[in-house]
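To start, the structure itself, in structure tokens.
The values are calculated or read from the model by the stated rules, or taken from the named source; none is laboratory data. Being a predicted model, the structure only gives us computed values, none of them experimental. No Cβ is skipped: glycine too gets one built from the backbone with ideal geometry, and neighbour counts run over all protein chains shown. Keep in mind that these areas ignore ligands, DNA and RNA; they rest on the heavy atoms of the full protein, side chains included. Shrake-Rupley method; radii C 1.70, N 1.55, O 1.52, S 1.80 Å.
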Amino acid sequence: YEGGINGQGERQGHGIMRWPNGNTYAGLWVRGRREGLGTCHFGNGATYVGEWKSDKMHGQGTYRWPDGQEYIGEFVEDLMEGNGKCKHKNGTEYVGGFKNCKRYGRGRLRPKNGSEIIGIYNNDCLDGPAIVRYPGGMVEVDYWENGTPVGGGVRWTADRKCAFALNKGKLGKEISVRQGMIITRSVQNALISGH
């Protein structure tokens, strides 16, 4: 350890600590614990830059994995928790809520294929109302449970002139534009309210 020490011999103020496992921390210390702003380079190649509390990543920060994945957002006791943005090495990006390091609450997922999924997530899966926009302009509006569409939704053509019923993710018969709008508004309202 290189840095400040308090009257009790504990790390205090700004300092740099190097552990035998390859981890290195440079930042603020309070009574021997990482507290405030700091940067940690982990022995496995990952990096965290951000706020610390009681020796844990806590508050706003950026975590980068060795494979290129990156999370920017809120942490609670070493876990991605709260609002954040996660970009995966394959180009998929998610912006929204996290709980226990998994997608949770309202969020927007943009897979590499160019589609966009706006919905309510739980335990990394769609779990509630969702709107899926495809690169060609087609849109699906539906309800999901544990990552599976449960029905009652609608698929719109790219020009929004035709609507088709969705039943558990499968395309059904054509319905009137009016019926399609009623379903779409219902899902949109549920998404806004978070239910």
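Quick notes
- Helical mean residue ellipticity (222 nm; -39500 (n - 2.57) per DSSP H run of 4+; nearest 500) of the chain: -3000 deg cm²/dmol
- log₁₀ of I(q)/I(0) at q = 0.10, 0.11, 0.12, 0.17 Å⁻¹ - region 13-109, Debye sum with one point per alpha carbon: -0.27, -0.33, -0.39, -0.73
- Cross-link pairs Lys102/Lys168; Lys87/Lys173; Lys87/Lys161; Lys89/Lys173; Lys102/Lys173; Lys56/Lys85 - those with Cα-Cα distance over 30 Å: Lys87/Lys173; Lys87/Lys161; Lys89/Lys173; Lys102/Lys173
- Within the full protein context, the accessible area of His58 is estimated at about 50 Å² for a probe radius of 1.4 Å.
- Multiplying the residue separation of Asp78 and Arg31 by 0.36 nm and removing their Cα-Cα distance gives an extension gain of 15.0 nm.
- Computed on the Cα atoms alone, the convex hull of the chain gives a volume of 114 cubic angstrom per residue.
- The calculated FRET efficiency for the pair Asn21 and Arg108, based on their C-beta separation and a Förster distance of 41 Å, comes to about 0.65.
- At most 14 other Cβ within 10 Å, DSSP loop - GluC sites (Glu not before Pro), region 23-90: Glu77
- 16 Å cut-off, amide nitrogen to a point 7 angstrom out along Ser54 Cα→Cβ, residues in region 1-37: 30-36
- Cα gyration tensor, region 30-81 - rounded (a/c under 1.5), prolate or oblate: oblate
- Gyration tensor verdict on region 100-158 (Cα atoms; rounded if a/c is under 1.5, prolate if a/b is larger than b/c, oblate otherwise): oblate
- Computed extension length for Lys161-Thr47: 36.1 nm, one decimal, from 0.36 nm per residue of separation with the Cα-Cα distance subtracted.
- Note on Lys170 and Glu70: the extension gain reaches 32.6 nm, defined as 0.36 nm multiplied by sequence separation minus the Cα-Cα distance.
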